[in-house]
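Worksheet for the structure shown next.
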Amino acid sequence: MHSELSNKIKAEARRLGFFACGIARAEAVSEAAATRVRHWLDSGGNADMAYMANHTDLRLDPRLLMPGVKSIVCVALNYAPAQQMPAEEYQLAAYALGQDYHDIVKQKLHLLAATLSIIHPSPSTLHYRAFCDSAPVLERYWAEQAGLGWTGRNHQLIIPGAGSMFFLGELFLNIELSYDRPMTARCGMCRACIDACPTGALQADGFRAEHCLSYQLIENRGELSAEAKQKMGNTIYGCDRCQQACPWNRFAQPTDEPRLQPHPELMAMRKSDWQQLSIEDYRRLFKGSAVKRAKYEGLMRNILSASQNDDATP
């Protein structure tokens, strides 16, 4: 019974366009994982992202987030870009080229739950919650437990034979299912991502958000650090260098999700267009986009710094 229902859920997830789907038992995270999380927060690894220190008890035990949860269905949606910005132009992280992933993944999760309510023998007793980077959930940890992949040294979930360019989502369910086995890490002795990180944010013993270009260019609401200004190059939103260096991403295949394809107007942007970007242009260009996370002022701050790098280039 549990196995049959689990297989149907995974088949429906694939039909909805998810690249991978696995299921984990809902329980408190391991003591080792809890210790890592607490140490990272206590040492200030989250920089000024105070929200990451909120609801730690819920983060470490999903049963507190949704009373009655028994199973966590984990999904991965491919966002590897089918098109690239011209190399000589300003760059955005690949995940931000299309529409906002929060909405896309959660919509698909709700559709998955709707199907489950049809195939479940007692739909009136079925309860669920859908998450995508929208609640205190250790997404990579649960994806590992569900057998989707492992967390690499770049702190991204790596799916064997597919790479790390995936959005993650979770469906919390109050029913028992068949559970997958966690996957063992396969990074071996590789340090490609650590060596490629321009600011040293990636370390063998952890991740320092304050130094990360993605943090600086997106989450940081103040002035960019001197280090970020020097190392950002022509990237004005996020940073993909650790992923570009990862050998597993040579297997990545371009996403075929229509809403993750970049708008032609975005692909046509040139440096002069970015430098003259008005608030109206910004709102039109990034309507329904994750880039709004940086806000107009933050994006223009980044563009100004990138243009100064242009001026400094001999």
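Assorted remarks:
- Calculated P(r) tail over 23 Å for segment 1-144, as whole % of Cα pairs: 47
- Whole-percent pair-distance distribution, where bins are 10 Å wide, for the alpha carbons of segment 61-200: 10, 34, 34, 16, 5, 1
- For Ile158, the residues whose amide H sits under 5 Å from its own are Trp150, Thr151, Gly152, ignoring neighbours fewer than 5 places away on the same chain, with H placed 1.01 Å from N.
- Multiplying the residue separation of Asp103 and Phe251 by 0.36 nm and subtracting their alpha-carbon distance yields 50.6 nm.
- C-alpha long axis of helix 31-42 to longest principal axis of the chain, angle in °: 30
- Length added when fully stretched, Ala196-Glu176, from 0.36 nm per residue minus Cα-Cα: 2.9 nm
- Base-10 log of normalised Debye intensity for segment 130-284 (one unit scatterer per alpha-carbon) at q = 0.09, 0.17 Å⁻¹: -0.38, -1.23
- Largest accessible area first, the listed residues Cys132, Cys21 line up as Cys21, Cys132 when surface is computed with a 1.4 Å probe on the assembled protein chains.
- Over all orientations, segment 105-160 has a Cα convex hull whose mean projected area works out to 5.1 square nanometres.
- Taking all protein chains as they are arranged and a probe of 1.4 Å, the heavy atoms of Asp256 leave approximately 140 Å² accessible to solvent.
- Of the Cα atoms belonging to segment 1-76, the radius of gyration and Dmax stand at 15.9, 47 Å.
- Taking the empirical scaling 2.2 N^0.38 Å for compact globular proteins as reference, the chain has a Cα radius of gyration ratio of 1.03.
- For Glu144, solvent-accessible area (1.4 Å; no DNA, RNA or ligand), Å²: 40
- Rg over Rh for segment 237-306 works out to 1.01, both radii taken from alpha-carbon positions and Rh defined as the Kirkwood radius.
- Counting only Cα atoms, segment 194-314 measures 43, 37, 30 Å along its principal axes, largest extent leading.
- Accessible area of Asp133 (1.4 Å probe, protein heavy atoms only, ligands and nucleic acids ignored): about 90 Å².
- Separation of alpha-carbon centers, segment 216-250 and segment 291-311, rounded to whole Å: 12
- Phi-based couplings in Hz for segment 85-99 (Karplus 6.51, -1.76, 1.60; Gly and Pro marked x): 5, x, 4, 7, 9, 5, 10, 10, 4, 4, 5, 9, 6, x, 6
- Loop-located trypsin sites (Lys or Arg not before Pro) in segment 139-233 (DSSP state not H, G, I, E or B) with no more than 14 neighbouring Cβ atoms inside 10 Å: Arg186, Arg191, Arg221.
- Probe 1.4 Å, all protein chains present, accessible-area order of Glu170, Glu265, Glu4, largest first: Glu4, Glu265, Glu170
- These residues, His155, His127, go from largest to smallest accessible area, 1.4 Å probe, as His127, His155.
- Here the Karplus curve 6.51 cos²θ - 1.76 cosθ + 1.60, taken at θ = phi - 60°, turns the phi angles of segment 194-202 into couplings of 4, 5, 7, 5, x, 10, x, 5, 8 Hz, with x standing for Gly and Pro.
The values are calculated or read from the model by the stated rules, or taken from the named source; none is laboratory data. These numbers were taken from a predicted model, which means no experiment stands behind them. Because the Cβ atoms are built from the backbone with ideal geometry, glycine has one as well, and the counts that use them run over all protein chains shown. Just the protein is used for accessible areas: all its heavy atoms, side chains included, with ligands, DNA and RNA removed. Shrake-Rupley method; radii C 1.70, N 1.55, O 1.52, S 1.80 Å.
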